[in-house]
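Since the structure comes first, as structure tokens, the remarks are kept for the end.
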Amino acid sequence: MTETDEVASRLLAWYDRHARILPWRLPPDPGRTGARADPYRVWLSEVMLQQTTVAVVRDRFIRFVGCWPGVADLAMAADAEVMAEWAGLGYYARARNLLACARAVMRDHGGEFPRTRAALLSLPGIGPYTAAAIAAIAFDAPETVVDGNVERVMARLHDIRTPLPSAKPALVAAAAGHVPRHRPGDHAQALMDLGATVCTPRAPACGLCPLAPCCLGRARGTAAGLPARVAREVRPLRLGHVYVGQRADGAHLLETRPARGLLGGMTGWPGSDWAEGMATPAPPAPGLWHPLNAEVRQVFTHFRLHLAVHVAHLPPDCAPLRGAFVPAAEFSAGALPGVMRKVWLLARQWFAGEPG
Ligand code: SF4
């Protein structure tokens, strides 16, 4: 683009007044002081934000960097501690990649994140979007950073009516056309902020938008319906069983899930595989198991899961067939992945003597 691109100029002027204050960011840099955000914090926030909202990530990010303030600290962390801290943020493969990436930065790059998109792409778990975001935000490189917010703004601004995902190349090209040579990192964050706070999915606040005079979608009345999407297929349903066993001393029977696959390496209640139909599998320990009436439901990216929950008081001398007892003092429901925590919330009502 040229230095006089009206969209970029309007956007930067708006960002200087309305930038969101986020714990991984520095304020806008209109004076070109050269101060840039810490690439470790940018990287971490982008990985967290791929899975959940800013509102959730804000506190989790602060806690995470409280535990591991820099990439060297994270590289030396115990895997299990990081996985436990990640609990509830979903997509646990990303937590494993986080560790692998921190260790690669220490081993192969002397503890400094590389500065270019291409070099960032060579790190574990960093894809094209994250590489572009780090290069732009932390190193002020003129990269085109396109997340869902930016796709929406571009579809509306240019009235691109082709449905997603086919529209992606056109949306990226549109976004690339506005990347300025001056302050590209702030421009990238400004677009994200505009999409998150003004050009929102259901009701774009065009009256507050700095791009309103240039926006084709607004002028033609198409904005609210963009970006168009092809109808999403219904996710298939998978079924499974889980067993929540508690000993009289309060210890819980838990197991570490296999390293590969969904929730790999995380702690969970023993149970069955998740499949489209299945018989009740053998319990993980001898005992009087009681099926609860309610079930736990969770939606994953590629399927919906309904879990039948079985509970039991287990004897003091119980010898489990799988898993191991975790003493009550070491048990933390918050360290379980989200679906397993839901199981616990249901099961503990039964242990507390409420009907299940
Ligand atoms: Fe979005 Fe409205 Fe701004 Fe266009 S004018 S970019 S539709 S908020």
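The values are calculated or read from the model by the stated rules, or taken from the named source; none is laboratory data. None of the values given here were measured: they were computed from a predicted structure. Please note: Cβ atoms are built from the backbone with ideal geometry, for glycine as well, and neighbour counts cover all protein chains shown. The area values use the complete protein model at the heavy-atom level, side chains included, leaving out ligands, DNA and RNA. Shrake-Rupley method; radii C 1.70, N 1.55, O 1.52, S 1.80 Å.
Among the candidates Gly125, Gly111, single out the residue that is at positive phi, open to solvent by less than 30 Å² (accessible area, probe 1.4 Å), in the same structural domain as Gly185 (by TED's automatic domain parsing) and more than 16 Å from the ligand (Cβ to nearest atom). Walk me through how you get there before you give the answer.
Details: Gly125 fails: open to solvent by less than 30 Å² (accessible area, probe 1.4 Å).
Answer to the check: Gly111.
I'm checking my understanding of the structure. Among residues of segment 186-208 that are crowded, with 23+ Cβ neighbours inside 10 Å and over 15 Å from Val146 (Cβ atoms), which one is nearest to the ligand (Cβ to nearest atom)?
Among those that are crowded, with 23+ Cβ neighbours inside 10 Å and over 15 Å from Val146 (Cβ atoms), it is Pro204.
Which count do you get for residues in segment 259-290 that are without any contact (Cβ under 8 Å) to a residue 60 or more places away in the chain, touching a Lys or Arg at 6+ places or on another chain (Cβ under 7 Å) and within 17 Å of Ala324 (Cβ to Cβ)?
2
Could you identify the single residue in Val145, Val153 that is within 14 Å of the ligand (Cβ to nearest atom), open to solvent by less than 40 Å² (accessible area, probe 1.4 Å) and among the β-branched types (Val, Ile, Thr)?
Val153
Kindly provide the set of residues from segment 26-48 that are without any contact (Cβ under 8 Å) to a residue 24 or more places away in the chain and surrounded by 14 or more Cβ atoms within 10 Å (Cβ to Cβ), ordered by number.
Across segment 26-48, the qualifying residues are Leu26, Ser45.
Kindly evaluate His302 against the criterion of being open to solvent by 30 Å² or more (accessible area, probe 1.4 Å) and more than 25 Å from the chain's Cα centre (by Cα).
Answer is no for this residue.
Any idea which residue in segment 213-256 is farthest from the ligand (Cβ to nearest atom), counting only those that are among the aliphatic types (A, V, I, L, M) and surrounded by 16 or more Cβ atoms within 10 Å (Cβ to Cβ)?
Taking the candidates together, the pick is Ala251.
Restrict the check to segment 9-25 and report whether at least one residue is in the same structural domain as Phe139 (by TED's automatic domain parsing), open to solvent by 50 Å² or more (accessible area, probe 1.4 Å), at pLDDT below 95 and under 25 Å from Ala104 (Cα atoms).
no
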